[in-house]
1. Could you compute how much accessible surface Leu51 exposes when probed at 1.4 Å, giving the result in Å² to the nearest 10?
2. Probe of 1.4 angstrom, ligands and nucleic acids ignored: what's the accessible area per residue over the chain, in square angstrom?
3. Share of the range 390-451's accessible area from carbon and sulfur, percent, 1.4 Å?
4. Along each of the three principal axes of the Cα atoms of the range 290-437, give the extent in whole Å, ordering the values from largest to smallest.
5. Using only protein heavy atoms and a 1.4 Å probe, report how much of Ser403 is accessible, in Å² to the nearest 10.
6. So how far apart, in nm, are the two label points at Met133 and Phe21 if each is 7 Å from Cα heading toward Cβ?
7. How many nm separate the modelled label positions at Val50 and Ile244, each set 7 Å beyond the Cα in the direction of the Cβ?
8. Taking the Cβ-Cβ separation of Arg259 and Ser400 as r and a Förster radius of 35 Å, what is the calculated FRET efficiency to the nearest 0.05?
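The values are calculated or read from the model by the stated rules, or taken from the named source; none is laboratory data. Nothing here was measured: the structure is a model prediction, and the numbers come from that model. Here the Cβ is made from the backbone with ideal geometry for all residues, glycine too, and neighbour counts use every protein chain on show. Just the protein is used for accessible areas: all its heavy atoms, side chains included, with ligands, DNA and RNA removed. Shrake-Rupley method; radii C 1.70, N 1.55, O 1.52, S 1.80 Å.
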Amino acid sequence: MQTFHEAVGAVETFSPAEEQFNRRRRTAGLFLAPAVFLILLFAPLGDLPVLAHRMAAIMGMVVVLWVTEALPLAITAILGPCLAVVLGITTGRAALAPFADPIIFLFIGGFMLAQAMFVHGVDRRIAYGALAMPGVGTSAFRILMVYGAVCTALSMWISNTATTAMMFPIGLSIVAHLTRGRESEQGSREFANAMMLMCAFGASVGGIGTPIGTPPNLIGIGMLNRIAGANITFFGWMILGVPIVLALFGFLVGYFHFRSLRGLRLDTTGSGLIQEELRRLGPMSVGQRNVVAAFGVTVVLWLLPGVLAIVGAGQSGFARAFNAAVPESVAAMVGAVLLFILPLHWRARQFTLKWEEAVRIDWGIILLFGGGLAMGELAFSTGLAESIGRGITSWLPVQSEVSLTIIFTAVAIVMSEAASNTASANMIVPIAIAVSQAAGINPIQPALGATLGAS
């Protein structure tokens, strides 16, 4: 069976031309980043305070390294705060404190739950179970819709890349069986393209739905909390994200139906593949039931405060005590710990998740998130963010909540074409907050626009 990283690696591959471009970009970054650092460090930057001036040099270098990926993103995230300590901007304790922010543990718990789903094949069972529903396998439209719905739903809870890594080969297998023996090669290609693109777009769209769906979501939430003092709950994010997911998913289904599936007929005898694959999976294993139980407990703990608020009990004594005792980060760790408690074979002392499997989560993303929080906090504490905010605000012809939201959403979209989504969110969200505060505007909407744009 593929490991999680082998599956992700199968998706994250580049053509020779892309590899050459990436190599040149990284080489340029190795020379450009230190040059930008030295130029900003010794250049006169107006009336910037000394610490803000030094922080500007570090920020310039970090942005270049993140965009060019000359160093691994996580290493750059560590380098920035460490340089701030070396240059006397802050203390080691203050610079590294964001790496232990509670949202870091929300990341870790969510990643471990996703890893357990992959290890025990829960995601594959969900996929084949949905595709095997009565009537689905006899219609190209229904297959596409259900396949896309599974991609979208899974990516709300596990990473977009992991969802694609798991669902892509399933889609290829379905396409191969349902299009064999077709007279029209063009029709087969159209159906194959629609299925594969639905996998890619569905996974990206689904990540918007929950805070743990994709790293930029938690970056936006974390920065708004640490920098602007705005608390966005798990349930509160879903109230924003899920309607967007439904609207975008509906658009995708409609687009691919009219673009690729009209008049297409499939060899429905090939749909038995789905039933056959489901039979091969057999009944739910003990490990799968344990993963579903741990995941279910975690989701209930995440959503309970929002449900209590809806029924009018959000300010009750129980609700306040629950929120204090089980914040979202602790809820995520409760689910992760359950994976090490629920047994597979009690006599052998074998449990649902082994530590060797748990440590295969993407620690780089976690370090990148911590570094982004640290850089954002240092930019605000030194006054650099305020100066940037005032400077950008003076250039803008219109300074309203709507205009800033549109601007920073667009900037994040463009930036994420040149850098990773996570690095883009780390760079754009603090600026969106700083500019909003300089303009006297509530930063929540512009920052959330930048967060969603980075995805």
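1. 70 Å²
2. Numbers: 20570 Å² over 455 residues.
Using a 1.4 Å probe on heavy atoms only, each residue of the chain averages 45 Å².
3. On the way: 1750 of 2630 Å².
Carbon-and-sulfur percentage of accessible area, whole number: 67.
4. Between the extreme Cα coordinates on each principal axis of the range 290-437 lie 69, 42, 28 Å.
5. My reading of the accessible area for Ser403 is about 20 Å².
6. 3.8 nm
7. My value for the distance between the label points is 4.3 nm.
8. Working: r = 37 Å, r/R0 = 1.05.
E(calc), rounded to 0.05, equals 0.45.
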